[in-house]
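The values are calculated or read from the model by the stated rules, or taken from the named source; none is laboratory data. The model shown is predicted, which means the values in this text are computed figures rather than measured ones. Please note: Cβ atoms are built from the backbone with ideal geometry, for glycine as well, and neighbour counts cover all protein chains shown. To get the accessible areas, we keep the full protein, side chains included, count just its heavy atoms, and leave off ligands, DNA and RNA. Shrake-Rupley method; radii C 1.70, N 1.55, O 1.52, S 1.80 Å.
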Amino acid sequence: MSENWVRACATDDIDEEDVIRFDHDGQTFAVYNTPSGFYATHGMCTHEEQHLEDGLVIDDVIECPLHQGRFHIPTGEAKGAPVCVNLKTYPVRVDGEDIYINTAG
Amino acid sequence: MADYIATNAASSGVKLDKKLVKQLSRRSDRPGLIYTAQWLVLLALTGTAVWMALGTWWVIPAMLAYGTVLTVPSYSMSHECAHGTAFRTRWLNETMLWISSLLYFEEPYHRRFSHASHHTYTWMEGKDSQMPFDTPMGLKEWFLEVTGIGLFIYESPLYIRNALGRFSDEVRRYTPESELPKLKWGARACLAIYGSLAAVVLAGYWWPVIFILIPRLVGGPIMLLFTLIQHVEMQENTLDLRDSTRSFRTNWLGRFLYMNMNNHIEHHLYPMVPFHQLPELNKAVKDQLPEPDPGFFRTNIEVFWVVLKRSLRLGTKAPSIRQAPHMIAERGAKAERITKGYV
Ligand code: FES
């Protein structure tokens, strides 16, 4: 598996049960702080083009701000209409106070 | 990205602290359950009144009250559940989506996808699947819309086509291919339920007619008067929801029946915010929004007056409600369509 670990942000940059946007190399990612840990997914909803950074984190679920479609954050699984295509997820590593994403997926 | 049109707060130039939006968007089952319980109590009271008044003239006001209480909240609940915001618990939300959508007369999956289109393309001609009439509105369109005839004419063939799997281009436009089978089975399930109720009536039991069909027909116009004023006379084809959408004042009963959706601009700006937090959302953004229009009755009377005068080619300036500039025509003039910011 190819690897391309990139520092996304500090752990303090994301509130509990929240999400921020991280843009890198022409791609946009969403980085989450959930009750079960830090995660990263592609940054746009798979239903229509909408940034997930404005979404609502409820437990391990991200709800899209435009039509309230839901994804399971750890797996990217589409959990509720109108979303039906899963979200790509990216491995995350916490190193001290920094969060790294493997942008190669 | 070509088709992306952000119909949200950002595209309208409205700003609100992200933390506050998230706080207002927090989910809970409690308000939805309390609302449902209050709704059931009102249904029981007004339904008992209908039962006791059968055979007398009192049945008319009783039916009007019961029909209103049955129909307006079924629309409101179906809408809120289509957003998934009425309850925190998913199955509660989906169960109430089914019950209320059946009463409202729209298959629940279709309800959700067509409403998503409405939020992406709010009041954009040819793109908003819940823009039910041509604008500027004339008397014929008003009549078809408010009586519910338009809804019936639109929904009935849709049920049949979707149940047969013959999806229209419009349905395909806003429904992902993989979800079409759900629309098919959803339509079949709805038709089976409606068919079972018809069978009950044919077997000699009249309760579905007295407690569902007649009140739904009686309450329909009141529900449709609520939905009519959300966007009528407003600007088409704009990204600014403050121009395309109307919020209006209404009394406690209107706010209850309509689940606070009189804060309609606010709802479009932040659809994640559940119904019970809309008054708080209003407080947070009201300095960035136009004044809400006067009450439900006055707004509807002014809309009707304008529509009537438009059909008679008279001047169409309403006394006090908000209107897009091109809705206002001089006597004898035809209103012009103006598009703004439509990309
Ligand atoms: S754009 Fe995310 S649910 Fe529609």
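Data table
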| item | result |
| --- | --- |
| Label-to-label distance, nm, for residues given as B:Asp169 and A:Glu49 (7 Å Cα→Cβ offset) | 2.3 nm |
| Within the protein assembly as shown, percent of DSSP bridges classed antiparallel, to nearest 5 | 95 percent |
| Cα centroid separation - the range B:285-308 against the range B:254-275, whole Å | 15 Å |
| Listed residues B:Leu102, B:Leu289, B:Leu281, most fluctuating in chain B (Gaussian network, C-alpha, under 10 Å) | B:Leu289 |
| Relative contact order of chain A, defined on C-alpha pairs under 8 angstrom at six or more residues apart (%) | 29 percent |
| Loop-resident sites, the range A:1-90, for GluC sites (Glu not before Pro), counting at most 12 other Cβ within 10 Å (DSSP) | A:Glu3, A:Glu16 |
| Accessible surface, per residue, of the range B:265-326 when the full set of protein chains is kept, probe 1.4 Å, Å² | 43 Å² |
| Over the range B:156-282, relative contact order from alpha-carbon pairs under 8 Å, at least 6 apart, % | 13 percent |
| Tail beyond 43 Å, pair distance distribution of the protein assembly as shown (Cα, percent) | 17 percent |
| Karplus-derived HN-Hα couplings along the range B:325-332 (A = 6.51, B = -1.76, C = 1.60, θ = phi - 60°), whole Hz, x at Gly and Pro | x, 6, 7, 9, 10, 6, 3, x |
| Heavy-atom accessible area ranking, 1.4 Å probe, most first, across B:Met52, B:Met131, B:Met223 | B:Met52, B:Met131, B:Met223 |
| Percentage relative contact order, chain B, counting C-alpha pairs under 8 Å, at least six apart | 22 percent |
| Rg to Rh quotient for the range B:192-343, alpha carbon positions, Kirkwood Rh | 1.09 |
| Percent accessible area from carbon and sulfur atoms, the range B:193-236, protein chains only, probe 1.4 Å | 82 percent |
| Max mean-square fluctuation residue, GNM over chain B, Cα-Cα springs under 10 Å, options B:Pro271, B:Pro132, B:Pro181 | B:Pro181 |
| Listed residues B:Met259, B:Met96 arranged by accessible area, highest first, probe 1.4 Å | B:Met96, B:Met259 |
| Given charges at beta-carbon only (K, R positive; D, E negative), |dipole| of the range B:130-286 in Debye | 440 debye |
| Area accessible to solvent at A:Cys84, 1.4 Å probe radius, in Å² | 40 Å² |
| Between the range B:104-152 and the range A:53-83, the alpha-carbon center distance in angstrom | 27 Å |
| Chain A - accessible surface per residue (Å², probe 1.4 Å) | 42 Å² |
| Helix runs (DSSP H) in chain B reaching 24 Å along axis by Cα, Kyte-Doolittle at least 0.5 | B:30-53, B:59-83, B:180-202 |
| Solvent accessible area, Å² - B:Trp39, 1.4 Å probe, full protein context | 10 Å² |
| Residue of B:Gly165, B:Gly295, B:Gly195 that the Gaussian network model of chain B assigns the largest fluctuation, springs spanning Cα pairs under 10 Å | B:Gly195 |
| Cα gyration tensor shape for the range B:82-215, rounded if a/c is under 1.5, else prolate or oblate | oblate |
| B:Trp98, B:Trp58, B:Trp51, ranked by accessible area, largest first (probe 1.4 Å) | B:Trp58, B:Trp51, B:Trp98 |
| Debye, to nearest 20: dipole size of the protein assembly as shown, +1 on Lys, Arg Cβ, -1 on Asp, Glu Cβ | 1840 debye |
| Principal axis dimensions, the range B:44-140 - Cα atoms, whole angstrom, descending | 48, 43, 16 |
